[in-house]
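Remarks on the structure that follows.
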Amino acid sequence: MIPRKYSLLWRNIIWAGVIFFLCAIPSDSIPDPKLNIPHLDKVVHFGMFFIMSIFLCSELRYQTRLSLRKIYLIAIGFSFIYGGLIEVLQFKYFNRGGDWWDLFADVLGGVAGCLLYPTAKKQKDKLVDYLYKKLKSRKEV
């Protein structure tokens, strides 16, 4: 079994890779979802960095003794730097247009992830506790 600290690290690395891959593929290779959602690409950027921010907050909270404020600054800063790097790479190398609004959506997703991290953690802890009690009660029967 993989220790928790390594699984959290790999979860972040894999998610960063997923974001990179999705942002690196040519835009004409992305299938049209046929959804009539205005600015769908901005919603996707927001969602990817929202998830990344929650993952990063979770790992930093588990691995370090940093205050939540510092963890949030790191997560938001990482969203800005990683999102900005991806936009530059899209513009220069990936045959896609780099977009300031995509970067804004990335950072906004990072901020929202930080703001909702405490709530997400509480809900996850409740679910884990519930499942643990269910498993424990089955073993006792």
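A short reminder: the numbers here are calculations on the coordinates, not readings from a lab. Everything numeric in this text was worked out from a predicted model, so none of it was measured. FYI the Cβ positions are ideal-geometry reconstructions off the backbone, even for glycines, and counts take in every protein chain you see.
Quick notes on this one:
- Scanning region 1-52 for residues that are basic (Lys, Arg) and either surrounded by 13 or more Cβ atoms within 10 Å (Cβ to Cβ) or touching a residue at least 12 places away in the same chain (Cβ under 8 Å) (or both) gives 4, 5, 11, 42.
- Scanning region 104-121 for residues that are without any contact (Cβ under 8 Å) to a residue 60 or more places away in the chain and more than 14 Å from residue 45 (Cβ to Cβ) yields 115, 118, 119.
- Scanning region 100-141 for residues that are of a type in the set (S, T, N, Q) and under 21 Å from residue 52 (Cα atoms) yields 119, 123.
- Residue match in region 96-103 (condition: in contact with a Leu (Cβ under 9 Å, 6 or more places away or on another chain) and free of Cβ contacts under 8 Å to residues at least 60 places away in the same chain): yes
- Hits in region 28-38 - residues which are in a helix (DSSP H, G or I) and within 21 Å of residue 109 (Cα to Cα): none
- For region 70-80, the criterion of being of a type in the set (D, E, K, R) and under 15 Å from residue 110 (Cα atoms) is met by at least one residue.
- Residue pairs meeting the criteria (Cβ under 8 Å; at least 6 apart or on separate chains; first crowded, with 19+ Cβ neighbours inside 10 Å, in region 78-93; second not in a helix (DSSP H, G or I)): 87/98; 87/99
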